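Student: Encoded as structure tokens, here's the structure I'll be asking about.
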Amino acid sequence: MTTLDTANVRAGRPIALPIAIAALVALPIATALLCLSAGRYQVPAAHVFGILLHELLVGFGLAAADWLPSGLATVSWTPTERIVVTTVRLPRVLMAGIAGAGLALSGAVLQGMFRNPLVGPQTIGAASGASLGGVVAILLFGFGLPVHVGAFAGAALALAAVLIVHRGDGVSPVLTLVLAGVVVGAFCGALVGFVTFIADPEVKLPGIVFWLLGSFAAASWPNVALLAACSLVGGSVMLAMSWRVNVLSLGDEEARSLGVDPRRDRLILLAATCVAVSAQVAVSGTIGWVGLIIPNLVRMVVGADHRRLLPISAVAGAAFLMAADTLARDLSAAEIPVGIVTAIIGTPVFAWLLRRHARGQAA
């Protein structure tokens, strides 16, 4: 299996690092403004910024006219523009950004923890388990709260199954854990196929298929709140343990010599990624490739030190998925599932990464 270059954990890549970090941090903010502006109903970026700032000031009980900059104070937006920005697009853009941050952060943690750049949220079986729980809930109860409960339950059961199949250290605990995730993910995928096979082709099947392809079309403030809460819990744990991910990426023997319990920390990190990934699947269906390609691209810029890699991967993932969702809703008259867009973009990028890595090994 391909392993990460652990020599970069401490050194990183110092060339233009402050500039790169500043650009990546500003990227999701600029992307969000562009996504709120773009669409079949165009809203000027100045109007979008003014509407958001006005709503923020009003939310804090301040007189917007007294606090808005003079340039924005003279900008007048229509009531339709305000409704489009605050009611239609803002929940969707926020949901896409939070989901992208959670997926990219989870992917970066898993790649570091397993010392393998080919690992992603789908590899450990959590995404497949959440998908299985979601489609079973749709089949039995329909959309809404049952899907959320089913996705969380499916992800938890899949993680438990991975740990049961893994059972102990073995010869290579990291390798056996990855293989256990692949086995459980394949089994859950087979059950998802069975559920789609027995679903009513006129009533249930179209909704199941569209949900499995991933979409933020059903974005709402309750879904944003659920996703944000779960991503905050899981993301906070992952960011707080970034130094431990560095240690785990050096191998179990080195980790133990530094006073780290690899099995305990690995279990905590797996649970944190499970929470973040299952929350994303619960509110928007299965969306692949974000957690696989974004950490690899960011690692090329900031190096393999997870104290930098994790937060920058989160903001880059947020920008990527917001942009992908905007393309999904604007490329055609009928909205394209965002999972298709991420796959179309992700597969050639990942092929390029593999080719670049092969060339680097040959050199």
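Student: What residue, among those in region 216-235 that are hydrophobic (A, V, I, L, M, F, W, C) and not in a helix (DSSP H, G or I), is nearest to ALA108 (Cα to Cα)?
Tutor: Going through the qualifying residues, I end up with PHE216.
Student: Also, quick follow-up: Working carefully through the options VAL283, VAL277, VAL245, VAL315, find the one that is under 14 Å from SER106 (Cα atoms) and touching a His at 6+ places or on another chain (Cβ under 8 Å).
Tutor: Exactly one of VAL283, VAL277, VAL245, VAL315 is under 14 Å from SER106 (Cα atoms) and touching a His at 6+ places or on another chain (Cβ under 8 Å), namely VAL245.
Student: Just give me the residues in region 236-251 being in a helix (DSSP H, G or I) and surrounded by fewer than 17 Cβ atoms within 10 Å (Cβ to Cβ), in sequence order.
Tutor: Answer for region 236-251, where residues must be in a helix (DSSP H, G or I) and surrounded by fewer than 17 Cβ atoms within 10 Å (Cβ to Cβ): SER236, ALA240, TRP243.
Student: Continuing with the same structure: Kindly evaluate ARG13 against the criterion of being basic (Lys, Arg), at pLDDT below 85 and out of contact with any helix residue (DSSP H, G or I) (no Cβ under 6 Å at 6 or more places or on another chain).
Tutor: Answer is yes for this residue.
Student: If you don't mind, there's one more thing I want to ask. Being under 30 Å from ARG308 (Cβ atoms) and not in a helix (DSSP H, G or I) is the filter here; which residues of region 77-119 pass it?
Tutor: ARG115, ASN116, PRO117, LEU118, VAL119
Student: I'd like to know if region 255-275 contains one or more residues that are crowded, with 20+ Cβ neighbours inside 10 Å, touching a Lys or Arg at 6+ places or on another chain (Cβ under 6 Å) and within 22 Å of ALA126 (Cβ to Cβ).
Tutor: The answer is no, given that none of the residues of region 255-275 is crowded, with 20+ Cβ neighbours inside 10 Å, touching a Lys or Arg at 6+ places or on another chain (Cβ under 6 Å) and within 22 Å of ALA126 (Cβ to Cβ).
Student: Any residue at all in region 218-237 that is within 30 Å of ASP261 (Cβ to Cβ), touching a helix residue (DSSP H, G or I) at 6+ places or on another chain (Cβ under 7 Å) and without any contact (Cβ under 8 Å) to a residue 40 or more places away in the chain?
Tutor: yes
Residues checked against (1) surrounded by fewer than 24 Cβ atoms within 10 Å (Cβ to Cβ); (2) touching a helix residue (DSSP H, G or I) at 6+ places or on another chain (Cβ under 8 Å); (3) under 23 Å from LEU297 (Cα atoms):
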residue	(1), (2), (3)
VAL93	no, yes, yes
LEU105	no, yes, yes
ILE124	no, yes, yes
SER128	no, yes, no
SER131	no, yes, no
GLY144	yes, no, no
VAL149	yes, yes, no
ALA155	no, yes, no
ALA160	yes, no, no
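Student: Determine if region 64-72 includes at least one residue that is among the polar types (S, T, N, Q) and either modelled with pLDDT under 85 or buried (at least 24 other Cβ atoms within 10 Å of the Cβ) (or both).
Tutor: Yes: one or more hits.
Student: Mind checking which residues of region 178-233 are within 21 Å of the chain's Cα centre (by Cα), hydroxyl-bearing (Ser, Thr, Tyr) and surrounded by 14 or more Cβ atoms within 10 Å (Cβ to Cβ)?
Tutor: SER215, SER231
Student: Same structure, new question: Give me the helices (runs of 4 or more DSSP H) completely within region 275-363, filtered to those with at least 3 residues that are among the aliphatic types (A, V, I, L, M), free of Cβ contacts under 8 Å to residues at least 12 places away in the same chain and more than 21 Å from SER131 (Cα to Cα), ordered by residue number.
Tutor: 338-362
The values are calculated or read from the model by the stated rules, or taken from the named source; none is laboratory data. Given the structure is predicted, the values throughout are model-derived calculations rather than measurements. When we count neighbours, we look across all protein chains shown, and the Cβ atoms used for this are built from the backbone with ideal geometry, even at glycine.
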